[in-house]
Amino acid sequence: VHSKGAIWRCQILILNIIYLMQNLKSKHYKKNILVIHSNLASSCKQFLINQKQCNHNMNFLIMGPPGAGKGTQAKILAEKYNFMHLSTGDMLRHEIDNKSDIGLEAKNYMNQGFLVPDDVLLSIMENTLTSLKGIGIILDGFPRTIPQAEGLEAIFQKLDLQIDYVINVHVDEDILINRLTNRAKNSGRSDDAEEVIINRQKVYSELTEPLIQFYKDQLLTINGDGTVEEVTQRILEKIQ
Ligand code: AP5
Ligand code: MG
């Protein structure tokens, strides 16, 4: 019960319930599940807070182009600070695996390296963040557009939450392409195909990079080139 594994089990449980809820088509059933989902999420959250295993004071965003190491670093920070790591890419891939309506819609965009529409992401995140209110989170891959950032601001305001740190991991494009091309050999990710990798970088420049200006007052830009440990160390130096 006291092991860190408990956090991950709760996290998986909460996310699975959220997915289940979102996938249900019957309104009556959905209403009941919504109650079960909220109760379970609250119980898990309370359990983590009681165990003092979860940092419930801080919220991080981690941004950067595809392959910058957002997921790698978010996982390390989540373990170090007992945050919940929420990766919208992982959530959407889970939807695709489950062949849900959201997954079916997302698949076409993701396979080509385009962003899934903002309203889909905002609705997923509003449900998730509302259920997890009070638990420290690290958002990986969200927001990704100005409308998503504005939507997140509104959600946080409604929930009386704040963003404490915005970490921007910078890596030059040739290194990113190299990393993702290497990962393609084993990842099984359909968006790791060469032409899709290039499109993901282009989409990042057009739609996500403007967030650097949006968050300019809070932004901590980190050089993401180097070993995983070196990059973690640079992040820790900036936030401590
Ligand atoms: P998502 O899953 O978020 O993918 P991404 O941003 O394109 O990038 P990656 O996850 O591939 O890279 P990363 O920065 O997490 O790096 P990682 O740690 O994995 O999104 C996928 C798709 O979902 C999007 O294209 C979009 O369609 C959709 N989507 C998701 N969120 C959305 C949103 N908010 N709105 C709309 N659509 C959304 O590392 C990459 C590789 O490099 C790994 O092999 C890793 O081992 C390696 N590596 C990491 N760090 C280092 C290091 N320091 N040195 C050497 N190698 C390293
Ligand atoms: Mg990732």
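The values are calculated or read from the model by the stated rules, or taken from the named source; none is laboratory data. Since this is a predicted model, take the numbers as computed values, not measurements. Every residue, glycine among them, receives a Cβ derived from its backbone with ideal geometry; neighbour counts consider all protein chains shown.
Look at segment 83-100: where a residue is closer than 18 Å to Pro66 by Cα and a partner is small (Gly, Ala, Ser) and more than 10 Å from ligand 2 (Cβ to nearest atom), sitting 6+ places away or on another chain with Cβ atoms under 6 Å, you get His85/Ala78; Leu92/Ala106. Screening the candidates Val231, Val196 for the property of being modelled with pLDDT of 95 or more, in a helix (DSSP H, G or I) and in contact with a strand residue (DSSP E or B) (Cβ under 9 Å, 6 or more places away or on another chain) yields one hit, Val231.
Residues in segment 131-177 that are assigned to a helix (DSSP H, G or I), of a type in the set (S, T, N, Q) and near ligand 1 (Cβ under 9 Å from one of its atoms): 1 in all. Going through (1) over 15 Å from the mean Cα position of the chain (by Cα); (2) under 18 Å from Asn59 (Cα atoms); (3) modelled with pLDDT under 95 one by one, Ala154 falls short only on (3).
Leu236 meets the conditions (1) over 17 Å from Val116 (Cα atoms); (2) at pLDDT below 95 in every case but one. The failed one is (2).
Every condition in (1) among the aliphatic types (A, V, I, L, M); (2) within 16 Å of ligand 2 (Cβ to nearest atom); (3) closer than 26 Å to Leu219 by Cβ holds for Leu122 except the one numbered (2). Hey, could you check segment 167-197 for residues that are touching a helix residue (DSSP H, G or I) at 6+ places or on another chain (Cβ under 8 Å) and charged (D, E, K, R) and say which is farthest from Gly141 (Cα to Cα)? Per the criteria, the residue is Glu194. Residues of segment 210-227 that are in a loop (DSSP other than H, G, I, E, B) and without any contact (Cβ under 8 Å) to a residue 40 or more places away in the chain: Lys216, Asp217, Gly226, Thr227. Tell me, please, whether a residue that is touching a helix residue (DSSP H, G or I) at 6+ places or on another chain (Cβ under 8 Å), within 10 Å of ligand 1 (Cβ to nearest atom) and not in a helix (DSSP H, G or I) can be found in segment 95-114. So far as segment 95-114 goes, yes, one or more of its residues are touching a helix residue (DSSP H, G or I) at 6+ places or on another chain (Cβ under 8 Å), within 10 Å of ligand 1 (Cβ to nearest atom) and not in a helix (DSSP H, G or I). Could we say that Leu122 is part of a loop (DSSP other than H, G, I, E, B) and aliphatic (A, V, I, L, M) here? Taking the combined requirement at face value, the residue does not satisfy it.
Every condition in (1) more than 12 Å from ligand 1 (Cβ to nearest atom); (2) in contact with a helix residue (DSSP H, G or I) (Cβ under 6 Å, 6 or more places away or on another chain); (3) modelled with pLDDT of 95 or more is met by His56 except one, and the failing one is (3).
The listed residues are Leu92, Leu61, and the only one of them that is surrounded by 21 or more Cβ atoms within 10 Å (Cβ to Cβ), within 23 Å of Ala193 (Cβ to Cβ) and modelled with pLDDT of 90 or more turns out to be Leu92.
Before we move on, is Glu230 among the charged types (D, E, K, R), farther than 24 Å from Ala106 by Cβ and either within 16 Å of ligand 2 (Cβ to nearest atom) or free of Cβ contacts under 8 Å to residues at least 12 places away in the same chain (or both)? So Glu230 fits the description; yes. Residue under question is Asp191, and the condition is that it be more than 18 Å from Ala78 (Cα to Cα), near ligand 1 (Cβ under 10 Å from one of its atoms) and in a loop (DSSP other than H, G, I, E, B); does it hold? So Asp191 does not fit the description; no.
Residue-wise test of (1) exposed (fewer than 15 other Cβ atoms within 10 Å of the Cβ); (2) small (Gly, Ala, Ser).
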| position | (1), (2) |
| --- | --- |
| Ala149 | no, yes |
| Asp160 | yes, no |
| Val169 | no, no |
| Asn186 | yes, no |
| Val196 | no, no |
| Ser205 | yes, yes |
| Pro210 | yes, no |
| Glu230 | yes, no |
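Picking from residues in segment 68-96 that are in contact with a Gly (Cβ under 8 Å, 6 or more places away or on another chain) and more than 16 Å from ligand 2 (Cβ to nearest atom), the one that is nearest to Val228 (Cα to Cα) is Tyr81.
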